[in-house]
Amino acid sequence: MTDTFLNRIKDSKIQDYIIDVRGYANEITIEIHADKVPVVMQTLKESFGFNYLADITASDHYSDEGRFELSYNLVNMDDKQRMRISCRLEEDNPVVATVVPFWGSAEWYEREAWDMMGIKFDNHPDLRRIYMPEDFNYHPLRKEFPQLGIPGSIQVPEKDPPKEYK
């Protein structure tokens, strides 16, 4: 990413939605307001050529403000540029708009973030769990979730007895 690229960002309509810009290992992370995710993502795809969504990840900072950090890893395939867009979500209402209209692959990434971290995505076409049963009341990657799980919260299949070695 060059200064020219950053100048283009500064001159664009998304400048007002940026909270912070950080750089590490020749990649840029832009932190934005969570309610501006759709307009920022649409601008980055249509005006800046970030045509590939590599993944969506979430972190639990277990803090009083902005507990969850949601990160979108974008790639401009033509210019071979990578960028991370992040936003912070509050514990009591971790909700953000879906980006499925811009990248179809977001459907699975958002479902995983919902299943493991409890982050909801408004207007997601099929927000249901991937790994855990639908009636499971917890989100296993949250920091308050016990490392050994919650006894009795999910039925575990019986273990097969050891097989003889022949």
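The table below lists the values:
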{"quantity": "Qualifying positions in segment 36-71 - in contact (Cβ under 8 Å) with a residue 60 or more places away in the chain and under 14 Å from the mean Cα position of the chain (by Cα)", "calculated": "Val37, Pro38, Met41, Ala58, Asp60"}
{"quantity": "Asp135 being loosely packed, with under 13 Cβ neighbours inside 10 Å, touching a strand residue (DSSP E or B) at 6+ places or on another chain (Cβ under 9 Å) and either over 22 Å from Ser153 (Cβ atoms) or without any contact (Cβ under 8 Å) to a residue 12 or more places away in the chain (or both)", "calculated": "no"}
{"quantity": "Test result for Arg88, within 15 Å of the chain's Cα centre (by Cα), surrounded by fewer than 19 Cβ atoms within 10 Å (Cβ to Cβ) and within 22 Å of Glu27 (Cα to Cα)", "calculated": "no"}
{"quantity": "So Gly49, is it out of contact with any Lys or Arg (no Cβ under 8 Å at 6 or more places or on another chain), in a loop (DSSP other than H, G, I, E, B) and at positive phi", "calculated": "yes"}
{"quantity": "Qualifying position, being touching a Cys at 6+ places or on another chain (Cβ under 6 Å) and either among the hydroxyl-bearing types (Ser, Thr, Tyr) or within 27 Å of Phe145 (Cα to Cα) (or both), among Leu70, Leu89", "calculated": "Leu70"}
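Values in this text are rule-based calculations from the coordinates and carry no lab data. Source: prediction; values computed, not measured. We place every Cβ from the backbone using ideal geometry, glycine too, and count neighbours over all the protein chains shown.
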